[in-house]
Amino acid sequence: MARGYYRLDVLWPVGTGFSDPGNDSSVVVALSAATGCEQCLSGLFLGDLGEKPQRILHGRHKLVSVDVVKVSHHGSADQFVGLYQTLGARVGADNTYGHPTTRALDILRTSGTTVFRSDLHGMVALGRNPEGKLVVWSAKSAMPR
């Protein structure tokens with residue numbers, strides 16, 4: 001689906017064989033920008049997929065580096081490191097499951113991802129400055145990337 005400068009593609013669970021209700025059947029979408037849009041952001045939003053379907057997703061689609069990844073399942077330990085080679089990721093907090101886990105945070109950090117957490121940074125928003133550099137605003141500060 002395309003609208004304005006953006007395109008939204010559903011990557012999962014289309015034709016995956018995962019049809020039972022639950023985390024591994026959650027929707028994964030990729031947000032991409034039109035060519036030439038210097039201010040647009042790209043993103044991958046992973047729903048609640050576990051490591052196995054993340055590996056399948058990685059093998060089926062030519063995933064490229066994106067500006068933002070919404071980490072799967074609030075940062076549970078069930079993650080595939082190959083998906084997190086990006087500039088930024090959002091990890092949920094304030095839940096009763098103990099997410100984000102230390103394992104998920106370690107995966108993100110060792111893959112070069114900058115982690116922003118609502119429990120530590122408050123509300124987080126992303127955009128680009130006039131020079132096209134990624135800027136992250138949080139309740140505490142603005143951080144050019």
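The values are calculated or read from the model by the stated rules, or taken from the named source; none is laboratory data. As the structure is a prediction and not an experimental result, all values here were calculated from the model. Cβ sites come from the backbone with ideal geometry, for glycine too, and all protein chains shown count toward neighbours.
Summary of computed values
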quantity	calculated
Residues satisfying the stated conditions in region 26-51, i.e. touching a Leu at 6+ places or on another chain (Cβ under 9 Å) and without any contact (Cβ under 8 Å) to a residue 24 or more places away in the chain	SER26, VAL27, VAL29
Strands (runs of 3 or more DSSP E) fully within region 1-96 counting 1 or more residues that are hydrophobic (A, V, I, L, M, F, W, C), modelled with pLDDT of 85 or more and surrounded by 15 or more Cβ atoms within 10 Å (Cβ to Cβ)	6-12, 28-33, 43-45
Subset of region 107-137 [more than 13 Å from VAL71 (Cα to Cα) and among the hydrophobic types (A, V, I, L, M, F, W, C)]	LEU120, MET123, VAL124, ALA125, LEU126, LEU134, VAL135, VAL136, TRP137
